[in-house]
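Please read the structure below before turning to the comments.
The values are calculated or read from the model by the stated rules, or taken from the named source; none is laboratory data. A quick note: this is a predicted structure, and the numbers were derived from the prediction, not measured. In this analysis, Cβ positions are derived from the backbone assuming ideal geometry, glycine residues included, and neighbour counts consider all displayed protein chains.
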Amino acid sequence: MKLSKGNIFLFMGPAVILVLAVFLYPVFRTTAMSFFDVREIISPVHKWSFVGFGNYKLLYKTPLFITSMKNILKLWLYCGAITMFLSFLFSIALTTEIIGKKFFRALVYLPNVVASIAIGYMWLFYVFNNQFGLFKTLFSFLKLESLAQVQWLSSNYIFYSMSIAFIFSNVGYYMMMFIAGIEKISSDYYEAAKIEGAGVFQSFFKITLPLIKGVFATAAVLWTSRTMGFFALAQVFTGIKTYTPMLYTYIVLFGTEFSSTANNAGLAASSAVTMTLIVIVVSTIIQTLIKDENHEG
Amino acid sequence: MKSKLVRCMILLGVIALLATPVFAGGSAESKDVVADDGSGLQAKLEYWSSWSANEPQALILEDAAKDFNKLNPGVKINFTFNGRDNRYLTASAIQSGTKVDMMDANADNISALWRDYIADLSPYFSKTYPTTNGKPFLEELMPSMTKLSLALFDDKYVFIPFVPQAFMIFCNKGIFEEAGVTSYPKTWDEFLGTCEQIKRAGYIPITSDNAYNTSWFGYYVTRLIGDDEASELATDPQAWKNPKVLEAAKAIEELARRGYYDPNIASNTYPNGQQSMVINENIAMYINGTWLPNEVATTTPDGFKWGSFAFPTVPGGVDDQTAGAYSTYGISVSNKTTEQEREAAFAFAVHLTTKFDQAFADDANIVPVNVNSTWPEDLLEAREVLFGYSTRYPAQTSLTKGANSKQIILDAAQKLMGGLITAEEFVAQASRF
């Protein structure tokens, strides 16, 4: 069959139409909604009342939203740094010729396969429980009394507890990305370097690192967009220090079980637009700063 | 030649793919034609419920519908069990044209979210039905729950109440007896004495967890200044400047200072509080709702005795123990239903709350709404408390009503009860919303 323009459009047609309908249209509609006072998501357009930037002004004055933004910044920065570091470490270790390479890769990736909610509750109810939890039992056994006494789920520590759970479930995903990037590097480079007399560290810093810069950029962008949608673990580890913008949007839109004080879909829309803009800006900055080196193979 | 045929087939495939959404969802709009066989009620009803399919309430609903269908073959009821999200799923569905005829939710949610979608059912309440023994249906139901509809909806009956709930102090009667507490405290001073007795007997007087941390402060402050003013605390940061709010906070701080709170209270995540209470059997009191014994039923040992009493009066307070937090779930009927559908829907709700009401008590340990039903043993004392209520606080006290403030107040209350902050710090932190 000839690959003419007509055929191309025919094959792409359904996918393109679906993308436009399911992704782009809601984005435009939500952005429009953020400038109106709207009762519910599917309120017909003639029931919207224009408020200009009113929703945004209200949003940025709400302490709960500001707190959630600060929380997500901390999550993005600290958990991001630690997750990337650990993932990279594992990827280097698991691209060498060690025994059980495939087994360890699967093991590290396993938490990523389990639903976030399940992982969250495992940490919440089992690991962090301060009467019979894993940490309490382990640290008591090791006679580390001060660590055993830590109230992991109290207001002071709950952010760190949630971060541990978050990092645990994400290391595997990014490790796989880095492994793929490292394995793409042709072994010719390493052989040539060996012949020239380069050591392990020199090979790493001069060959490996520069050639997976692009993977770092992709990982950072993915991390940003996935973190902004942080919801499941925030629901599990409820608290002010673990409140996220996604959770805020959800509560504004649907209310809590007893309140439902004047739901405002327009306000929720402005929150969604804010989150999206931040992701776009941060991703663009990351991609401009880290330029991928072109290499053959 | 071959490529032209392939192209045509692909084109048809694309058209078919794009056309399916148009044809697939159509049945929601069509009204089925039900043959009139002369047996009276005729309708095909869609019921959207706040229960999950595996909860006992859902099973009872299905049993009641099957039984109702035997007596009224012309009425078929189809259930969609959405879980608690039903409150907004139904609103969205109705707005987009889906046929939803009956729906249930907590009365406060019906008031906040469904006002525009539900019918006034007042005329049906004064009629008699096959299962009401010649009395008007209204007389079958707990008066406080039907009056709730009048209070929330300008003197109109817009829902049939079922699964009522009351919020009060639940206790382990075994511990009370061991500690020598012979009667439930009625005043705050008596309450402090009770806590002291329990503590001396080697037990933990009070616990809570992060789902209900506003309850102790919430009840105290509402007793002190009344519900109208207490509701402002959820929406207006300036309301926290009232010196009586600090007074209430100090009372709670005092409980923490005296060591009456569970040492784990600062890190108790739901359902740790209630589960510890029944598993370890060393905690005496926990503010919660009448759903509590059922929620912990699988882990409660035999011989565990549940007691309950109303929150005590507080010094200088405006309300006494006749005021309390309660609510109910209710079944509403869509205002888009035909007269026939409405009649059938109401008749089913009557059947559920008369013939099947005892099943809620027997099979699910739930408060029955019918005045003739026998309450579950675990809730007999709760019955006395609820029947003593004549002033209503919103479910779980007004402190939980503000979407922007709820988590902030919860967090601050948790720290106050854990002894981590002072009453002044609590007022400052809880009002920062």
Subset of region A:187-203 (residues that are assigned to a loop (DSSP other than H, G, I, E, B) and under 18 Å from A:Ala93 (Cα atoms)): A:Gly199
Qualifying residue in region B:325-341 (condition: in contact with a strand residue (DSSP E or B) (Cβ under 9 Å, 6 or more places away or on another chain), surrounded by fewer than 22 Cβ atoms within 10 Å (Cβ to Cβ), within 14 Å of chain A (Cβ to nearest Cβ) and under 25 Å from B:Tyr184 (Cα atoms)): no
Hey, A:Ala180 of a type in the set (A, V, I, L, M) and modelled with pLDDT of 90 or more or not: yes
Residue within region B:252-264 that is among the polar types (S, T, N, Q), touching a residue at least 40 places away in the same chain (Cβ under 8 Å) and not in a helix (DSSP H, G or I) present: yes
Selection count, region B:123-135, where residues are under 21 Å from B:Thr338 (Cα atoms) and either in contact (Cβ under 8 Å) with a residue 24 or more places away in the chain or part of a loop (DSSP other than H, G, I, E, B) (or both): 5
Residue list for region B:60-89, restricted to those being touching a strand residue (DSSP E or B) at 6+ places or on another chain (Cβ under 9 Å), of a type in the set (Phe, Trp, Tyr) and in a helix (DSSP H, G or I): B:Phe68
Qualifying residue in region A:155-176 (condition: outside any helix (DSSP H, G or I), over 23 Å from A:Leu233 (Cα atoms), more than 17 Å from the chain's Cα centre (by Cα) and not polar (S, T, N, Q)): no
Search result, residues across region B:339-361 that are touching a residue at least 24 places away in the same chain (Cβ under 8 Å) and either assigned to a loop (DSSP other than H, G, I, E, B) or of a type in the set (A, V, I, L, M) (or both): B:Ala344, B:Ala345, B:Ala347, B:Ala349, B:Val350, B:Leu352, B:Lys355, B:Phe356, B:Ala359
Unmet requirement for B:Val181, which otherwise passes all of (1) among the aliphatic types (A, V, I, L, M); (2) assigned to a helix (DSSP H, G or I); (3) out of contact with any strand residue (DSSP E or B) (no Cβ under 6 Å at 6 or more places or on another chain): (2)
Matching residues in region B:136-178 - criterion: being modelled with pLDDT under 95, in a loop (DSSP other than H, G, I, E, B) and buried (at least 16 other Cβ atoms within 10 Å of the Cβ): B:Met142, B:Phe153
Number of the exception - B:Thr391 against (1) within 11 Å of chain A (Cβ to nearest Cβ); (2) at pLDDT 90 or above: (1)
Conditions (1) out of contact with any Ser or Thr (no Cβ under 9 Å at 6 or more places or on another chain); (2) part of a helix (DSSP H, G or I); (3) free of Cβ contacts under 8 Å to residues at least 60 places away in the same chain; number of the one not met by A:Phe90: (3)
Meets criteria (surrounded by fewer than 20 Cβ atoms within 10 Å (Cβ to Cβ), hydrophobic (A, V, I, L, M, F, W, C) and at pLDDT 75 or above) for A:Leu289: yes
Region A:11-37: number of residues that are touching a helix residue (DSSP H, G or I) at 6+ places or on another chain (Cβ under 8 Å) and within 12 Å of chain B (Cβ to nearest Cβ): 4
One residue from A:Thr137, A:Thr67, A:Thr83 being touching a residue at least 60 places away in the same chain (Cβ under 8 Å), more than 14 Å from chain B (Cβ to nearest Cβ) and part of a helix (DSSP H, G or I): A:Thr83
Residues within region B:35-59 that are surrounded by 15 or more Cβ atoms within 10 Å (Cβ to Cβ), among the aliphatic types (A, V, I, L, M) and either part of a helix (DSSP H, G or I) or at pLDDT below 90 (or both), tallied: 3
Hits in region B:268-286 (condition: in contact (Cβ under 8 Å) with a residue 60 or more places away in the chain and within 11 Å of chain A (Cβ to nearest Cβ)): B:Asn268, B:Thr269, B:Tyr270, B:Pro271, B:Asn272, B:Ser276
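Which members of region B:199-239 meet the condition of being part of a helix (DSSP H, G or I), under 19 Å from B:Ala256 (Cβ atoms) and within 14 Å of chain A (Cβ to nearest Cβ)?
Correct list: B:Ser215, B:Gly218.
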Test for A:Ile8: is it surrounded by fewer than 15 Cβ atoms within 10 Å (Cβ to Cβ), within 24 Å of the chain's Cα centre (by Cα), in a helix (DSSP H, G or I) and within 14 Å of another protein chain (Cβ to nearest Cβ): no
Yes/no for A:Phe230 being crowded, with 21+ Cβ neighbours inside 10 Å, in a loop (DSSP other than H, G, I, E, B) and more than 14 Å from chain B (Cβ to nearest Cβ): yes
Those residues of region B:94-122 which are in a loop (DSSP other than H, G, I, E, B), surrounded by 17 or more Cβ atoms within 10 Å (Cβ to Cβ) and among the acidic types (Asp, Glu), in sequence order: B:Asp101
Of all residues making up region A:33-61, the number that are of a type in the set (Ser, Thr, Tyr) and part of a helix (DSSP H, G or I): 2
Selected residue [among the basic types (Lys, Arg) and over 30 Å from A:Lys213 (Cβ atoms)] from A:Lys74, A:Lys102, A:Lys61: A:Lys61
Residue within region A:205-214 that is away from chain B (no Cβ under 12 Å), modelled with pLDDT of 90 or more and either under 30 Å from B:Met417 (Cα atoms) or surrounded by fewer than 17 Cβ atoms within 10 Å (Cβ to Cβ) (or both) present: no
Which numbered condition B:Lys186 fails, given (1) surrounded by 16 or more Cβ atoms within 10 Å (Cβ to Cβ); (2) touching a residue at least 40 places away in the same chain (Cβ under 8 Å): (1)
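Listed here are the residues, each with its yes/no results for (1) within 14 Å of another protein chain (Cβ to nearest Cβ); (2) surrounded by fewer than 16 Cβ atoms within 10 Å (Cβ to Cβ); (3) of a type in the set (Phe, Trp, Tyr).
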| site | (1), (2), (3) |
| --- | --- |
| A:Val171 | no, no, no |
| A:Met175 | no, no, no |
| A:Glu183 | no, yes, no |
| A:Thr244 | yes, no, no |
Condition broken by B:Asp262, with the remaining ones in (1) surrounded by fewer than 21 Cβ atoms within 10 Å (Cβ to Cβ); (2) within 14 Å of chain A (Cβ to nearest Cβ) satisfied: (1)
